[in-house]
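> Sharing a structure with you now.
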Amino acid sequence: MPAGRRGPAAQSARRPPPLLPLLLLLCVLGAPRAGSGAHTAVISPQDPTLLIGSSLLATCSVHGDPPGATAEGLYWTLNGRRLPPELSRVLNASTLALALANLNGSRQRSGDNLVCHARDGSILAGSCLYVGLPPEKPVNISCWSKNMKDLTCRWTPGAHGETFLHTNYSLKYKLRWYGQDNTCEEYHTVGPHSCHIPKDLALFTPYEIWVEATNRLGSARSDVLTLDILDVVRSPQKQPGYPHSTENTWPGHHPLGSPVTTDPPPDVHVSRVGGLEDQLSVRWVSPPALKDFLFQAKYQIRYRVEDSVDWKVVDDVSNQTSCRLAGLKPGTVYFVQVRCNPFGIYGSKKAGIWSEWSHPTAASTPRSERPGPGGGACEPRGGEPSSGPVRRELKQFLGWLKKHAYCSNLSFRLYDQWRAWMQKSHKTRNQDEGILPSGRRGTARGPAR
Amino acid sequence: MGFLDRPRAPRGGQKPSMDHPYVPSFPSTPEDPQTDSSVSLLPHLEAKIRQTHSLAHLLTKYAEQLLQEYVQLQGDPFGLPSFSPPRLPVAGLSAPAPSHAGLPVHERLRLDAAALAALPPLLDAVCRRQAELNPRAPRLLRRLEDAARQARALGAAVEALLAALGAANRGPRAEPPAATASAASATGVFPAKVLGLRVCGLYREWLSRTEGDLGQLLPGGSA
């Protein structure tokens with residue numbers, strides 16, 4: 001039997017329907033019309049609610065004028081389909097019974113239509129069956145705020161999801177240490193199981209948030225999510241993926257909570273670094289929307305070759321707004337993206353969620369001038385450190401030097417300048433030695449500066 | 001006697017009788033045999049009739065869509081061709097009688113206006129019930145809300161036309177049935193579905209009827 005509290009089964013758990021004035025005067029199906037000469041009937045039970053797999057015994061009792069109406073010839077239909085006669089039994093002269101076993105979930109949310117017909121096919125009475133399951137506990141609640149004034153939450157229905165009955169979900173919230181329960185009113189804002197609280201939310205104090213699911217067969221309540229609005233500010237853009245990917249949480253935070261994020265960095269520019277054929281310079285601007293929130297940001301860059309799906313990620317960009325990619329292939333188009341992770345909002349020490357990646361920006365590295373076996377790919381030669389691992393080691397060395405040797409002027413910039421000079425010198429040497437492609441063989445030039 | 005009570009002159013230009021005053025729209029001479037007095041309307045009145053007729057035509061289409069959506073959401077057998085529920089009487093509103101077409105046009109329009117005035121509370125009641133039965137059917141609920149509003153609007157337009165034509169009801173207007181506490185809470189879901197179908201059907205019938213009756217006021221409309 002599914003989890004969750006169950007309401008009364010086999011009888012409708014609904015409250016009585018609201019007032020329908022016209023029905024006072026309406027000749028309702030099942031109500032006898034005196035002197036009309038017509039027969040009507042009553043089905044019992046009326047509008048029962050049942051668990052999937054349960055059985056139902058219903059009766060259709062005919063009455064009318066003249067008396068002595070007979071159950072002979074009556075038959076049942078369910079959702080328009082005539083039920084096999086062997087399921088029916090005449091209980092007495094005016095009553096036909098129906099036995100249904102192992103009921104399936106309702107085909108329609110407004111109720112399955114069980115109808116009692118006279119011999120001529122006319123409808124004598126009807127009853128709606130509601131067959132389903134009580135709701136499961138809603139799970140995976142996640143919430144975020146676009147502007148520190150509102151809150152949007154979404155959740156997932158319980159494990160089985162389908163209850164075959166209309167299930168009402170209600171998002172509730174309250175201040176953790178005081179205040180009354182409030183109910184969210186704007187539903188389905190970002191999907192079928194979501195709700196938006198537009199205003200009147202406090203900062204710097206935790207809220208408790210939960211979801212209650214209710215249908216005719218019972219109700220269930222989710223775990224309580226505790227969060228501070230300040231901790232769940234995020235951009236209005238779509239979430240990059242499932243809201244609880246591991247990259248978006250940090251130790252010590254409530255496992256169901258969601259930290260801060262921003263828009264991706266705008267104005268990402270990728271350009272060549274002079275003539276350096278294995279480098280590209282990436283520059284961007286910090287997201288403007290959270291400028292007032294006094295936050296710092298760290299960035300991440302990823303790049304790939306044009307016709308590849310494999311991204312390489314550069315993690316250690318810290319809070320700079322520029323970076324130089326090295327160890328790239330010459331004469332190759334690269335796509336580059338940047339994303340941002342805010343931290344330190346209003347003095348908070350917590351890291352945030354990585355924003356979405358910026359729109360891809362493309363640029364190409366210069367073609368290699370050096371002749372090679374393929375005429376295009378740049379093969380590393382002795383004494384020319386252009387590969388990634390070498391560069392990393394060099395970076396470590398420079399860092400160590402700065403710490404221990406007080407060489408504050410040493411930097412990658414100096415190193416890159418040296419490499420550019422080395423390449424130009426190499427070109428000049430090749431020209432002098434006649435190694436360059438035809439048309440330029442033998443041309444003498446002065447040494448490169 | 002107002003305009004609509006005047007016997008219609010046959011086409012072909014029979015002169016209007018001086019015993020039957022009418023609202024002249026054109027400076028025609030009594031001797032002009034080509035004058036068709038049945039279409040002597042003031043231009044603005046004729047425009048109003050056309051406008052109201054167009055509205056009725058449009059709303060009739062909407063009523064068809066409402067009915068289709070309604071039966072679909074109640075589930076089988078409501079949408080099946082063989083489905084033939086009892087045509088239950090509805091308080092304060094009946095279907096157009098077979099004799100409706102034989103009545104004078106002003107009387108028909110009065111009945112149309114009365115039906116259009118009675119429909120909104122019935123449609124509202126159906127909407128409320130459907131909000132319980134089909135809460136995830138916003139389009140149906142919106143159509144029902146719109147239908148109530150549109151019935152009021154068309155009814156008011158028809159009454160305005162009747163007043164302009166001097167054929168409005170002069171007596172106190174009958175109020176639609178008021179809401180009262182009732183044993184309605186005991187009414188089952190299936191009867192409520194059937195009732196809603198009946199109301200939607202009546203809505204469509206009366207709109208269609210109104211469109212036809214207004215059409216007869218237009219030049220070229222048959223008596």
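> Go through the stretch A:216-237 and give me each residue that's among the basic types (Lys, Arg) and either open to solvent by 40 Å² or more (accessible area, probe 1.4 Å) or assigned to a strand (DSSP E or B) (or both). Don't jump to the end; show me each part of the working.
Within the stretch A:216-237, the subset among the basic types (Lys, Arg) is A:216, A:221, A:234.
Hit for the stretch A:216-237 is A:ARG221, nothing else.
> Another question, then. Would you confirm whether any residue within the stretch A:106-129 is closer than 30 Å to B:ARG87 by Cα, touching a Pro at 6+ places or on another chain (Cβ under 9 Å), crowded, with 17+ Cβ neighbours inside 10 Å and of a type in the set (D, E, K, R)?
yes
> In addition: Kindly indicate the residue of the stretch A:82-94 that is outside any helix (DSSP H, G or I) and within 12 Å of A:LEU57 (Cβ to Cβ) and also most open to solvent (accessible area, probe 1.4 Å) among those meeting that condition.
At the first step, the residues of the stretch A:82-94 found to be outside any helix (DSSP H, G or I) are A:82-84, A:88-94.
From the residues that got through so far, the ones that are within 12 Å of A:LEU57 (Cβ to Cβ) too are A:88-89, A:91.
Working: A:SER88: 33, A:ARG89: 148, A:LEU91: 84 Å².
This residue is A:ARG89.
> Limited to the stretch A:63-81, what total is found for residues that are within 14 Å of another protein chain (Cβ to nearest Cβ) and in a loop (DSSP other than H, G, I, E, B)? So that I can check it myself, show each step before the final result.
First, the residues of the stretch A:63-81 that are within 14 Å of another protein chain (Cβ to nearest Cβ): A:64, A:75-81.
Adding the requirement that they be in a loop (DSSP other than H, G, I, E, B) leaves A:79-80.
Final tally of qualifying residues: 2.
Per-residue answers, yes or no, for (1) out of contact with any Phe, Trp or Tyr (no Cβ under 9 Å at 6 or more places or on another chain); (2) not β-branched (Val, Ile, Thr):
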residue	(1), (2)
A:ASP307	yes, yes
A:TRP311	no, yes
A:ASP316	yes, yes
A:GLN320	no, yes
A:LEU325	no, yes
A:LYS329	yes, yes
A:TYR334	no, yes
A:VAL338	no, no
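> So, of the residues in the stretch B:88-105 that are over 15 Å from B:TRP206 (Cα atoms) and in contact (Cβ under 8 Å) with a residue 12 or more places away in the chain, which turns out to be nearest to the other protein chains (Cβ to nearest Cβ)?
B:ALA91
> In the stretch A:184-215, what residues are closer than 21 Å to A:VAL139 by Cα and either open to solvent by 70 Å² or more (accessible area, probe 1.4 Å) or in a loop (DSSP other than H, G, I, E, B) (or both)? Walk me through how you get there before you give the answer.
Here is the first cut: in the stretch A:184-215, the ones closer than 21 Å to A:VAL139 by Cα are A:184-197, A:206-215.
Result: A:CYS184, A:GLU185, A:GLU186, A:HIS188, A:THR189, A:VAL190, A:GLY191, A:PRO192, A:HIS193.
> Looking only at the stretch A:278-305, count how many residues are at pLDDT 90 or above and either in a strand (DSSP E or B) or open to solvent by 80 Å² or more (accessible area, probe 1.4 Å) (or both).
The initial filter retains those residues of the stretch A:278-305 that are at pLDDT 90 or above, namely A:278-284, A:300-305.
Next cut, either in a strand (DSSP E or B) or open to solvent by 80 Å² or more (accessible area, probe 1.4 Å) (or both) only: A:278-283, A:300-305.
Count: 12.
> Being more than 7 Å from chain A (Cβ to nearest Cβ) and open to solvent by 20 Å² or more (accessible area, probe 1.4 Å) is the filter here, so list the residues in the stretch B:70-82 that pass it.
B:VAL71, B:GLN72, B:GLY79, B:PRO81, B:SER82 - these are the residues of the stretch B:70-82 that are more than 7 Å from chain A (Cβ to nearest Cβ) and open to solvent by 20 Å² or more (accessible area, probe 1.4 Å).
> What are the residues in the stretch A:105-127 that are within 17 Å of A:THR167 (Cα to Cα) and either part of a strand (DSSP E or B) or more than 14 Å from chain B (Cβ to nearest Cβ) (or both), if any? Give the derivation first.
At the first step, the residues of the stretch A:105-127 found to be within 17 Å of A:THR167 (Cα to Cα) are A:105-112.
Result: A:ASP112, single match.
> Name the single residue that is farthest from the other protein chains (Cβ to nearest Cβ) among those in the stretch A:131-181 being open to solvent by 20 Å² or more (accessible area, probe 1.4 Å), among the acidic types (Asp, Glu) and touching a residue at least 12 places away in the same chain (Cβ under 8 Å).
The residue in question is A:GLU136.
> Of all residues being facing chain A (nearest Cβ under 8 Å) and not in a helix (DSSP H, G or I) in the stretch B:154-211, which is modelled with the highest pLDDT? Just the residue, please.
Only one residue tops the list, namely B:GLY188.
The values are calculated or read from the model by the stated rules, or taken from the named source; none is laboratory data. Note that this is a predicted model, so its numbers are computed, not measured. Note that each Cβ is placed from the backbone with ideal geometry, even for glycine, and that neighbours are counted across all protein chains shown. Accessible surface is based on the protein model in full, side chains and every heavy atom, while ligands, DNA and RNA are left aside. Shrake-Rupley method; radii C 1.70, N 1.55, O 1.52, S 1.80 Å.
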